[in-house]
1. Looking at (1) surrounded by fewer than 13 Cβ atoms within 10 Å (Cβ to Cβ); (2) under 19 Å from the mean Cα position of the chain (by Cα), which is the one condition that is false for ASN68?
2. Would you be able to tell me the number of residues in segment 79-95 that are within 23 Å of the chain's Cα centre (by Cα) and either within 29 Å of TYR61 (Cα to Cα) or not aliphatic (A, V, I, L, M) (or both)?
3. I'd like the full set of residues that are closer than 15 Å to ILE21 by Cα, among the hydroxyl-bearing types (Ser, Thr, Tyr) and surrounded by 17 or more Cβ atoms within 10 Å (Cβ to Cβ), limited to segment 198-226.
4. Are any residues in segment 143-171 assigned to a helix (DSSP H, G or I) and of a type in the set (Ser, Thr, Tyr), and if so, which ones?
5. Any residue at all in segment 150-161 that is over 16 Å from GLY103 (Cα atoms), surrounded by fewer than 19 Cβ atoms within 10 Å (Cβ to Cβ) and within 14 Å of the chain's Cα centre (by Cα)?
6. Considering ALA145, ALA122, which residue is over 24 Å from ILE190 (Cβ atoms) and among the aliphatic types (A, V, I, L, M)?
7. Could you list, in sequence order, the residues of segment 1-59 that are aliphatic (A, V, I, L, M), exposed (fewer than 15 other Cβ atoms within 10 Å of the Cβ) and in contact with a Pro (Cβ under 9 Å, 6 or more places away or on another chain)?
8. Does VAL175 satisfy the condition of being assigned to a strand (DSSP E or B) and either at pLDDT 80 or above or closer than 15 Å to PHE157 by Cβ (or both)?
Amino acid sequence: MLTLKNIKWTAPEGTQVLKGIDLEIPDNKIVVITGPNGGGKTTLAKIIAGLEKPQEGSIIYKGNDITNLDITQRARLGISYAFQQPVRFKGLTVLDLLQLASGRDMSEGEACDYLVRVGLCAREYIKREVNSTLSGGEIKRIELATVLARHTDLTVFDEPEAGIDLWSFNNLIDVFQELRDRRSGTMVIISHQERILSIADTIAVIADGSVQSIGDAKEILPELLSGGPGCVQCPKKEVHYYGGISR
């Protein structure tokens, strides 16, 4: 289990982004964190991964305090982070990347299996470089294949739907559902997408740097969509957040 206790983070220019986040992420669940833009979701994801450090609070993972560990040290403990815009690697092939992700030598046949699972024609991609010739949808699917190959205990996805086509998005949902059905690891997903919210076990709504509501997805999602008690208004109090959920 991952436990966040009183997490506070202030941006360099002085804006307090996170104002005391308390959150528990159970094992082998899909937890989707949603809420208005600017509410602190991506900052929280980076803090979980070790890309940012909180000024106050603690992060407990499997009973150990990892607050001061960096992203590399957390990766060794089984925490991985999928970027909103995946990194490209000139000179590195897709096969190389999958082998690095898995931490072992991998046959082309096994690597192809991972690519097929994310909807890519393996023969066309296995020897391609992970560079600017790949589209946004292609690079997202390849990154998802590396997540499958690495099989970490906890994976954080920052708006995985950003910048990809409908076909790639459908494959993304299929892989999330496959991982959920297998209960193979915990996923924390930052998203506004209703289809991603609908496959969650737990939904946490974060707005204005605080957890506004958290609970079973079957209870929280209808409230977000209908504007009920779980709905969060934007900071200007003009429109309800549920109107920002993408369908």
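The values are calculated or read from the model by the stated rules, or taken from the named source; none is laboratory data. Predicted, not measured: the structure shown is a model, and the values here were computed from it. Neighbour counts are summed over all protein chains in view; Cβ atoms, including those assigned to glycine, are modelled from backbone coordinates with ideal geometry.
1. (2)
2. 11
3. Residue satisfying the conditions is SER213 alone.
4. Let us first name the residues in segment 143-171 that are assigned to a helix (DSSP H, G or I), namely 143-150, 166-171.
Those that are assigned to a helix (DSSP H, G or I) and of a type in the set (Ser, Thr, Tyr): THR146, SER168.
5. Within segment 150-161 (the criterion being over 16 Å from GLY103 (Cα atoms), surrounded by fewer than 19 Cβ atoms within 10 Å (Cβ to Cβ) and within 14 Å of the chain's Cα centre (by Cα)), the answer is no, since none of the residues qualifies.
6. Working: ALA145 fails: over 24 Å from ILE190 (Cβ atoms).
Answer to the selection: ALA122.
7. Looking only at segment 1-59, we keep the residues that are aliphatic (A, V, I, L, M), and these are 1-2, 4, 7, 11, 17-18, 21, 23, 25, 30-33, 44-45, 47-49, 51, 59.
Of the ones still in play, those that are also exposed (fewer than 15 other Cβ atoms within 10 Å of the Cβ) are 1, 11.
Passing the criteria: only MET1.
8. Values: assigned to a strand (DSSP E or B): no; either at pLDDT 80 or above or closer than 15 Å to PHE157 by Cβ (or both): yes.
Here the answer is no, as VAL175 does not meet what is asked.
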